[in-house]
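First, the structure itself, so that you have it in front of you.
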């Protein structure tokens, strides 16, 4: 560790002295806009504004910067994104339009954990029914966009990244290499991350919070003609020795292989501007075990597998007033998870069950979107999606085990899923305004439909899936307005979801829990309805070119028809920051907090989380060394070493205490 | 190179064709297919073959098939009336056990079938003998020999004294191959009238509460208490097993007047009934 610190110091000194002579000759092309629904990963090589303080931050840290996204944490790795206070079951999370489903029955491997920031160009976050471009969803869509092949003929370009954080002795090493020719584009990158246990505020070590992961991605594109090109992507992501301090089990292996091949036809002169057809597959292995825990009531292994094969064909077309897009997509997924328990009496047979009894999902759908530009100021947009989904229980044992609870069910169930939205936008010089309506449906997730004794350590209940669940349906209204005056900008956005047949686990006292020490069993069922409301107020003031202020406050509400609060609904959240930025230097001081969680759900096993506020300082420099560029990002997170946890921290696991970090990227052009 | 493969094939063909030349009859239908012989009991005139699925006798419920071969012409007898009597010889006394009648298996010419519930066994499976009395063409014969009855791993039969001071024997018949599902459960219930008589008890109820002791006495839903089936002369119910492993089937024996004769409800403090059977898979 000393060596590394020394290395950084010498690098820093050397670079600063060297860099003085060089004028800045390249304009930064940051396009990241804080409060837009689309946030863009600017790439590790560019000095971005305060939204990406760390060039080497994980996707999780990165997503957390978005207004509407909060991350559920079960440890220091693989956080689960929620959008509009809705978690993965209600979202469509895709990698460049590709469907991919976690293989863990306990949501320990959200999709976002199987890619790395280094793989991505941007993340598109769309709220509610606007986020249904790739699948039916209720809360919205998160699409992790991979970079497109660029035929710039710039030749070879490479960069090296190093990162170190004191809290958890967290090291990151990455490298990437890009070749861009006239017809051929090849890029490859690799990143390795390793962290020990982190410390919460007050130097409290959080045991089982370590992780280790590497990610390799390869991308190649070939231009067949001026209008046609073919692309191939391959990502291999492997994490090992991942601790989950908030859970009774850890993960010894989480591995994903993602592959895709796409053919794109582009044309500016015809009605159809862009036609992309992609074939893809991904396969995930997730091995959960408790071999590192000294005291457990019973030893168990819980491996899971998820394989998805799919294709989509997207067309973008344009007329003078209309911008149309169509997406025809289909996928097939196989989800299998099992549990083996080893009795304390070695003479007894091992105990076994399928927790996901080999569920096959077949999904086909069609999506259309029309953006109608009524005038230069007004726009109307419509989306519609029609999907057909069939679930099949492949394992006879799986069907028979679920028939213990639902004697009447058969091995398959089909559903039709629809979604519509309409949005009106009005833009003036100083103000803009948009209002939208939406209706959408979703099918239950594999766990909600077919899970078998899935233990949830959050409320300490075993969950049983329910194959007879109705589709969940959401009616949604959203509203957004912004006002600019000189250097001052204020914006309000709000969305309200009225969700019919809201799927949630409900107590069944007649059932006996399987997990030793569990409070009981909950069976997924439908509430008549639930209401979720989110609103944000954003304001920013730009004093001059270099100094700006920015604040954001969010209010959230979630209640079921039974008058109980919904679980995992954020209390009032706020953020305030001061940014100072020059062309080659930036600094941001940030306060970030939640109020006391008064809306916690006692009924669903939540306790109240106390208010907190933390202070962060982020700094960044860019230096040019001949043609090459060095980017430094450094700062202190949680400066005051506050001991805190948020409402989204599983079992109130405390978050990181004070952390000094430094990220460096060296770009060789 | 290729000869290496051709030669054995040729030889095999030659050998099989030769052997089939010797057989000029149509091969007889094997009526004891899937069964394994446990023992032959012989007398001067006949050899009595005893078969079970496993080829052994175990404590608990045994499904036994019988063939009688005429020692003189080696042919199997097709019309016999058979009765049997298993006996346990103990140090101070001897007793029999619950048994069904022996009847001809429908659709078969030479096989007879019945069931015996061995409620216990001696050291190394010793102590039991089986006496067969059979009539062929009005002529009565007898054959007797000792048999080996092995101890089952799990308690699939139990002998208890009810609150009515009667000794009852309960034997698990089905599921013989349990699975993670709702299983059909069948239990035989017998009363020990005396050392020799173990008649089927009719119209009682057997309450069922399956538990996994290793999993903090986890139970399962949608079980169904066992009720008497007069045609089968057994008790049938439903047994839900949510996972594989070791299960204790906690039982309560309830008579036709709703009096609990044996067994208790399972609570946090009372984790196992005094009347139970076991399953492990």
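Averaged over A:404-411, how many beta carbons belonging to a partner chain fall within 10 Å of each residue's beta carbon?
Partner-chain Cβ atoms within 10 Å, mean over residues of A:404-411: 3.
Have a look at B:232, B:224, B:139 and tell me which one the Gaussian network model of chain B (Cα, springs below 10 Å) gives the largest fluctuation.
Of B:232, B:224, B:139, the Gaussian network model singles out B:139 as fluctuating most.
Oh, and also: Fewest Cβ neighbours within 10 Å first, please rank A:503, A:287 accordingly.
Ascending number of Cβ neighbours within 10 Å: A:287, A:503.
Still on this model: Using the per-residue mean of other Cβ atoms lying within 10 Å as a proxy for protection, in what order, highest first, do the peptides A:608-615, B:89-96 fall?
With the highest mean Cβ count within 10 Å placed first, the list reads A:608-615, B:89-96.
If you don't mind, there's one more thing I want to ask. Residue by residue through A:259-266, how many Cβ atoms from other chains fall within 10 Å of the Cβ on average?
Per-residue shielding by partner chains comes out at 0.
To continue, here is another question. In whole Å, what is the distance between the alpha-carbon centres of the range B:183-221 and the range A:432-511?
48 Å
Viscosity 1.567 mPa s, temperature 4 °C: what is the translational diffusion coefficient of the range A:522-603 from Stokes-Einstein with a Kirkwood Rh over Cα pairs, rounded to a whole number of µm²/s?
Rounded, D is 84 µm²/s.
Quick check: from the Cα gyration tensor, does chain A come out rounded (a/c under 1.5), prolate or oblate?
In terms of gyration-tensor shape, rounded.
Between rounded, prolate and oblate, where does the range A:176-239 land on the alpha carbon gyration tensor, with a ≥ b ≥ c its root eigenvalues, rounded for a/c under 1.5, else prolate if a/b exceeds b/c?
prolate
Quote the FRET efficiency, to the nearest 0.05, computed for residue B:225 versus residue A:299 with a Förster distance R0 of 35 Å and r equal to the Cβ-Cβ distance.
The calculated FRET efficiency here is 0.55.
Explain nothing, just the number: relative contact order of the range A:578-654, from Cα pairs under 8 Å at least 6 residues apart, as a whole percent.
Relative contact order of the range A:578-654: 26 percent.
Under 10 Å, Cα contacts only: if you run a Gaussian network model on chain B, which one of B:162, B:60, B:107 comes out with the highest mean-square fluctuation?
So, out of B:162, B:60, B:107, the one fluctuating most is B:107.
Specify the residue with the greatest mean-square fluctuation among B:269, B:54, B:103, computed from a Gaussian network of chain B linking alpha-carbon atoms under 10 Å apart.
The residue that fluctuates most here is B:269.
Now for a different question. Residue by residue through A:328-341, how many Cβ atoms from other chains fall within 10 Å of the Cβ on average?
1
Would you please give the FRET efficiency between residue A:348 and residue A:173, computed as 1/(1 + (r/R0)^6) with r the Cβ-Cβ distance and R0 = 45 Å, to the nearest 0.05?
The formula returns an efficiency of 0.45 here.
If you line up the long axis of helix B:3-22 against the longest principal axis of chain B, both from Cα atoms, how many degrees apart are they, to the nearest 10?
Compared with the principal axis, the helix lies near 90 degrees.
What number, in percent, do you get for the relative contact order of chain A if the mean sequence gap of Cα pairs under 8 Å and at least 6 apart is divided by its residue count?
11 percent
Take each of the peptides A:630-637, A:438-445, A:107-114, A:173-180, average the number of other beta-carbon atoms within 10 Å over its residues, and list them starting from the highest.
A:107-114, A:438-445, A:630-637, A:173-180
Still on this model: With a ≥ b ≥ c taken as the square roots of the eigenvalues of the C-alpha gyration tensor of chain B, please select rounded if a/c is under 1.5 and otherwise prolate if a/b is larger than b/c or oblate if it is not?
Since a/c reaches 1.5 but b/c is at least a/b, the shape of chain B is classed as oblate.
Could you let me know the centre-to-centre spacing of the range A:141-204 and the range A:345-396, using Cα atoms, in angstrom?
30 Å
Can you give the helix-only mean residue ellipticity at 222 nm for chain B, where every DSSP H stretch with n ≥ 4 adds -39500 (n - 2.57) and the sum goes over all residues, rounded to the nearest 500 deg cm²/dmol?
Theoretical 222 nm ellipticity from helices: -2500 deg cm²/dmol.
Right, another one. Tell me the mean residue ellipticity at 222 nm calculated for chain A from its helices only (DSSP H runs of n ≥ 4, each -39500 (n - 2.57), averaged over every residue, nearest 500).
-1500 deg cm²/dmol
When only C-alpha pairs under 8 Å and at least 6 residues apart count, what is the relative contact order of chain B, in percent?
About 13 percent, as a whole number.
Quick one: check the C-alpha center-to-center distance for the range B:226-281 versus the range A:209-264, whole angstrom.
Using only Cα atoms, the two centres lie 52 Å from each other.
Computed from the coordinates by the stated procedures, all read-outs in this text should not be read as laboratory data. All of these numbers come straight from a predicted model, not from anything done at the bench. Neighbour counts are summed over all protein chains in view; Cβ atoms, including those assigned to glycine, are modelled from backbone coordinates with ideal geometry.
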